[in-house]
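K.L.:
Below you will find the structure I want to go over with you.
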Amino acid sequence: MHEEILKREHKAEKQRKEEMRYDQMDCLLLAGEEKTERTIPVCETVFPEKFADLNAVREVLLTPEKQVYALIAPAFMGQFGEGVSPGAIRAALKRAGFSGMVEVAVFADILTLKEALEFDRHVNRDTDFLLTSCCCPVWVSMIRNIYGELVPYMPGAVSPMIAAGRAVKKMHPDAVTVFIGPCLAKKKEAKEPDICDAIDVVLTFQETAMLFEAMGIAPQQMEEDASEHSSGAGRIYARTGGVSEAVVRTVEQLHPGRKIAVRPMQADGGKACKQMIEAIQEGKTEANFFEGMGCVGGCVGGPRALLPREEGSAYVDHYGKEALYQTPLENPYVIELLEKLGFSTVEDFLEKSDLLTRHF
C-alpha cells in the first residue's frame, strides 16, 4: 500500500507541474511571499453584545496591520444565495477585508488519507472496527464523555477545522484565523485547551451573512475570484455519509482488492448516534467503520445554516461531483500544500505531524 501512495504522489506531482498555474494558487501556497495586500473595509455597525464573535472579527478586519484568513466549512455551497460560486464568496470575503479564503475541504482531503491509513493499519480481522474522529465535535464529545470504552477505537485526529487553522498559522505565524460554518459546537471546539492554538474566532453562516449586510456586500454580485483545490471526497464531508464515502473511495485506491473492505455505517442526530453505539456494543452490526454526526443531515443540518438541510446536501453533492479530482490521492494541490508545510511525502505528514494529531 505504501508503494501505491508513493506512485500516486509522483503522478500527482508531475500532473501539478504540468497543469497548475501560479496565479491560481490561494493564500496558503503563497506563504513565504510578500504579505497579501487586503482591503480595509468600512463598517460603522457595532453588533449587539450577544454577537461578540462578530464584533471581534469586525475589529480585526478594521485593523490594517492584521492578516486575517477565512477558513470556510465544506457546507458553504448554496448558503449565500442561489448561483453564488465559491469564487464569488472568496471575492466577497476579500471585499470584507479578509486576506484570503481557504476551503477547509482541502484539509478534509488530508484527513481522509489519515483515516484510510488508520483503517488499513487497524482493521485486519472481521471483528476489528474504527470510529471516525475527524469531523463532528458533538460525536467526539459523546464518545469521550459517555462511551469512554470506545475511545481506543477512535484514532487520534483533529478536525479539518483545526488542521486548517494550524496550517495557516504555521505558514502565516501572525495570522488571525476565522472559521466560518453552520455549527455552534465549533465555537466550543475551537476553545478546547489541547487544540485552542488553531482558530481565533468562529463565525456561523448567519453571522457572516450579517457581516456582509453591514458592509453592503452582496456575494451574488461579486466577480469571480476562483481558486478551487479540494477533491470531491473532501467536499462531501458536509453531509451525512460523506466521511464514510470519502474513506471508502480512498481505501479502495490505496489498497485495491483489500481482503476486508470498508463496511460503513452512519448515524445523524443524537438519538440515532446512541442507537448506532448500542448496536456496536451489543454486536448487532457487521459494519467496521462508524460515522456519527450530531445534526440530522450532517453539517448541512447545523443550527446556523442558511438553507434547509435537504437543499444544502444537494448543493454539497453537486459541488463534489464538479471536482476535478475525486479523491485526495488524485489531488495535486494536496502534495503542493504538504511541501509548503515542510513534508516531502504524505506519509511524513500523516505519521509525524502534530498538526493532525490529537490525544483522546
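Since every read-out is calculated from the coordinates, none of them should be taken as a lab result. Given the structure is predicted, the values throughout are model-derived calculations rather than measurements. In this analysis, Cβ positions are derived from the backbone assuming ideal geometry, glycine residues included, and neighbour counts consider all displayed protein chains.
K.L.:
Based solely on its DSSP helices, what 222 nm [θ] is calculated for the chain when runs of n ≥ 4 H residues each add -39,500 (n - 2.57) and the sum is averaged over all residues, nearest 500 deg cm²/dmol?
P.N.:
It comes out at -12500 deg cm²/dmol, rounded to the nearest 500.
K.L.:
Between Ala287 and His359, what length comes free when the chain is fully extended (0.36 nm per residue of separation minus the Cα-Cα distance, one decimal in nm)? Don't skip to the end; give the middle numbers.
P.N.:
Numbers: separation 72, 0.36 × 72 = 25.92 nm, distance 2.48 nm.
That works out to 23.4 nm of additional length.
K.L.:
At 25 °C and a viscosity of 0.890 mPa s, what translational diffusion coefficient does Stokes-Einstein give for the range 114-232, taking Rh as the Kirkwood radius over Cα pairs? Give it in µm²/s as a whole number.
P.N.:
Values: Rh = 16.9 Å.
Answer, rounded: 145 µm²/s.
K.L.:
Using only alpha carbon pairs under 8 Å that are at least six residues apart, calculate the relative contact order of the range 186-255 and give it in whole percent.
P.N.:
Values: 24 pairs, mean separation 10.2, N = 70.
Relative contact order comes out at 15 percent.
K.L.:
Please report the antiparallel percentage of the DSSP beta bridges confined to the chain, to the nearest 5.
P.N.:
Of those bridges, close to 5 percent are antiparallel.
K.L.:
Pulled fully out, how much extra length does the chain show between Ser344 and Lys66, if you take 0.36 nm times their separation in residues and subtract their Cα-Cα distance?
P.N.:
97.0 nm
K.L.:
Also, quick follow-up: So what are the chain's ellipsoid semi-axes, whole angstrom, largest first, if each one is the square root of 5 times an eigenvalue of the alpha-carbon gyration tensor?
P.N.:
32, 24, 18
K.L.:
Contour minus end-to-end for Ala52 and Asp174, with contour as 0.36 nm per residue of separation and end-to-end as the Cα-Cα distance?
P.N.:
Length gained between Ala52 and Asp174: 41.7 nm.
K.L.:
Classify the range 221-360 as rounded, prolate or oblate from the Cα gyration tensor: take a ≥ b ≥ c as the square roots of its eigenvalues, call it rounded if a/c is under 1.5, otherwise prolate when a/b beats b/c and oblate if not.
P.N.:
In terms of gyration-tensor shape, oblate.
K.L.:
GNM, the chain, Cα, under 10 Å: largest mean-square fluctuation among Ser231, Ser159, Ser344?
P.N.:
For the chain, modelled as a Gaussian network with Cα springs under 10 Å, the answer is Ser344.
K.L.:
Can you compute the label reach from Ile260? Point 7 Å from Cα along the Cβ direction, backbone N cut-off under 17 Å, restricted to the range 267-304.
P.N.:
Inside the label zone: 280-281, 283-291.
K.L.:
Label-point separation (nm) for Thr39 and Glu252, each offset 7 Å from Cα along Cα-to-Cβ?
P.N.:
4.2 nm
K.L.:
Relative to the compact-globule scaling 2.2 N^0.38 Å, provide the ratio for the alpha-carbon radius of gyration of the range 196-249. It would help to have the intermediate numbers written out before the result.
P.N.:
Values: Rg = 15.7 Å, N = 54, 2.2 N^0.38 = 10.0 Å.
It is 1.57.
K.L.:
Contact order normalised by length for the range 34-119, with contacts defined as Cα pairs under 8 Å and 6 or more residues apart; what percent is it?
P.N.:
Worked out over the range 34-119, it gives 35 percent.
K.L.:
Please build a GNM for the chain, connecting alpha carbons under 10 Å apart, and tell me which residue among Pro74, Pro152, Pro182 fluctuates the most.
P.N.:
It is Pro152.
K.L.:
For the range 218-268, what is the convex hull volume of the alpha-carbon atoms per residue, in Å³?
P.N.:
On the way: hull volume 3.8 nm³, N = 51.
In the range 218-268, the Cα hull volume divided by residue count equals 75 Å³.
K.L.:
When each pair of different Cα atoms in the range 54-109 is counted once in the 1/r mean, what is the Kirkwood radius in angstroms, to one decimal?
P.N.:
12.1 Å
K.L.:
Any idea which of Ala314, Asn288, Gly301 is furthest toward the positive side of the dipole for the chain, if Lys and Arg beta-carbons carry +1 and Asp and Glu beta-carbons -1?
P.N.:
About the Cα centre, the residue reaching furthest to the positive side is Asn288.
K.L.:
Sticking with this one: Could you pull out which residues in the range 290-332 have an amide N less than 18 Å from a spot 7 Å beyond the Cα of Asn145, following the Cα-Cβ vector?
P.N.:
292-296, 303
K.L.:
Another question, if that's okay. From Cα pairs below 8 angstrom and at least 6 apart in sequence, can you work out the relative contact order of the chain, rounded to a whole percent? Walk me through the intermediate numbers first.
P.N.:
On the way: 665 pairs, mean separation 94.0, N = 360.
Over the chain, the number comes to 26 percent.
K.L.:
Listing His359, His229 from the residue with the fewest other Cβ atoms within 10 Å to the one with the most, what is the order?
P.N.:
His359, His229
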